[in-house]
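Chemist: Pasting a structure below so you can have a look.
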Amino acid sequence: MMNITVASGNKTALSTYDEKTIETIRASLLAVMLLGFCFFMYFMKIFLSIYFTTDHMRDHSRYNLFAHMLITDTVYLILCILLAVCSLYQAYLPFSVCYTTVAAASTSFIVTPYNLAVMSLERYVAVCFPLRHTEICSVQNTSIAIAVMWVLGFVSPIVELIAVLILINKDIFALKIKCSRLTVAIVPLQNSIKSITIAFSLSVVGIIHMFTYIKVIIVAKKISSGTSFASKAGQTVMLHTFQLLLCMTSFISTFIDTILADSVVFLRMTFFLAFMFLPRFLSPLIYGLRDEVFCKYLKRVRSK
């Protein structure tokens, strides 16, 4: 009887120890995410305040697109953190609320590569068609391009929703589920639609980056005067390509979410921080800190 009691006591102590360890890991992961996000938001506040208080930037398509990328990445990170918290603490949400959150995150995820492609095209027009740059890359055309990005971004979630409505009983929208990217993928067709959309989109974006870089480099070699500008434009296109590669690392986390089970949620969260959170955190900072105009205004802000 005593052996049973001792064994039971050891089991209870071990269970308590495990719960404390799990809670410590959970709190640590959450703290890292929130700390990184606060650091990210600090720079976003500076960049956006410079953008909204500088008339020259608001009249330039390049900076309009950059500000749009900042806002899109901020929305994406907020939604990802919300989904991460739900996954860590196994929060139950109505299916409709969870699906809307995941759909919004997926849309903001794919809009950033579109934005990078348009930014590369803007540099291509600036170098190859300098006399028509103001006409082609006007503020109005930039706004239209941004609207088209979001329309294309919503195509996959809408098609997935239609598939769910056709193949699944509508009563599921009233149920509460453990909210995550995996739990809303209740129809295999959803994963197929998402994979095809992302693969096609990134292929097109990659081709655009290659095309614009090659064209800009050709012009840089042909022109004797103004070569410096063309070379800088080529470097900028390459930077956009690097940003695109950072975005593509997010697929590693997506595949891990699909392959690994819920029992290793902490491992998935670690990969989420490394391959989804960190790339979106670094991408706009690299571009913003490299830009000469932003650097000039940043120095003014720091000197105040």
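Chemist: Can you tell me which of (1) over 27 Å from M33 (Cβ atoms); (2) open to solvent by 40 Å² or more (accessible area, probe 1.4 Å); (3) touching a residue at least 12 places away in the same chain (Cβ under 8 Å) is the one Y89 doesn't meet?
Modeler: (1)
Chemist: Might you check whether a residue that is open to solvent by less than 40 Å² (accessible area, probe 1.4 Å), touching a helix residue (DSSP H, G or I) at 6+ places or on another chain (Cβ under 8 Å) and not in a helix (DSSP H, G or I) occurs anywhere in segment 129-139?
Modeler: yes
Chemist: Something else now. Does segment 27-48 hold any residues that are more than 23 Å from T100 (Cβ to Cβ) and open to solvent by less than 10 Å² (accessible area, probe 1.4 Å), and which are they?
Modeler: Matches in segment 27-48: F40, M44, F47.
Chemist: Answer with yes or no whether Y51 is buried (at least 18 other Cβ atoms within 10 Å of the Cβ), within 24 Å of V125 (Cβ to Cβ), aromatic (F, W, Y) and in contact with a Ser or Thr (Cβ under 9 Å, 6 or more places away or on another chain).
Modeler: Considered against the rule, which asks whether it is buried (at least 18 other Cβ atoms within 10 Å of the Cβ), within 24 Å of V125 (Cβ to Cβ), aromatic (F, W, Y) and in contact with a Ser or Thr (Cβ under 9 Å, 6 or more places away or on another chain), Y51 comes out as no.
Chemist: Considering only segment 92-102, state which residues are touching a residue at least 60 places away in the same chain (Cβ under 8 Å) and under 21 Å from the mean Cα position of the chain (by Cα).
Modeler: Once the filter is applied, which keeps residues that are touching a residue at least 60 places away in the same chain (Cβ under 8 Å) and under 21 Å from the mean Cα position of the chain (by Cα), segment 92-102 yields V97, C98, Y99, T101, V102.
Every residue, every condition in (1) within 30 Å of A126 (Cα to Cα); (2) hydrophobic (A, V, I, L, M, F, W, C), yes or no:
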residue: I158; (1), (2): no, yes
residue: I162; (1), (2): no, yes
residue: K170; (1), (2): no, no
residue: F173; (1), (2): no, yes
residue: L189; (1), (2): no, yes
residue: K194; (1), (2): no, no
residue: S201; (1), (2): yes, no
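Chemist: Let me ask another. Filter segment 64-80 down to the residues that are open to solvent by 10 Å² or more (accessible area, probe 1.4 Å) and in contact (Cβ under 8 Å) with a residue 60 or more places away in the chain and list them by number.
Modeler: Matches in segment 64-80: N64, H68.
The values are calculated or read from the model by the stated rules, or taken from the named source; none is laboratory data. Please read these numbers as outputs of a predicted model, since none were measured by experiment. A quick note on method: Cβ atoms are made from the backbone with ideal geometry, for glycine too, and the neighbour counts reach across all protein chains shown. Ligands, DNA and RNA are stripped out before the accessible areas are found, and what is left, the full protein with its side chains, is counted by its heavy atoms. Shrake-Rupley method; radii C 1.70, N 1.55, O 1.52, S 1.80 Å.
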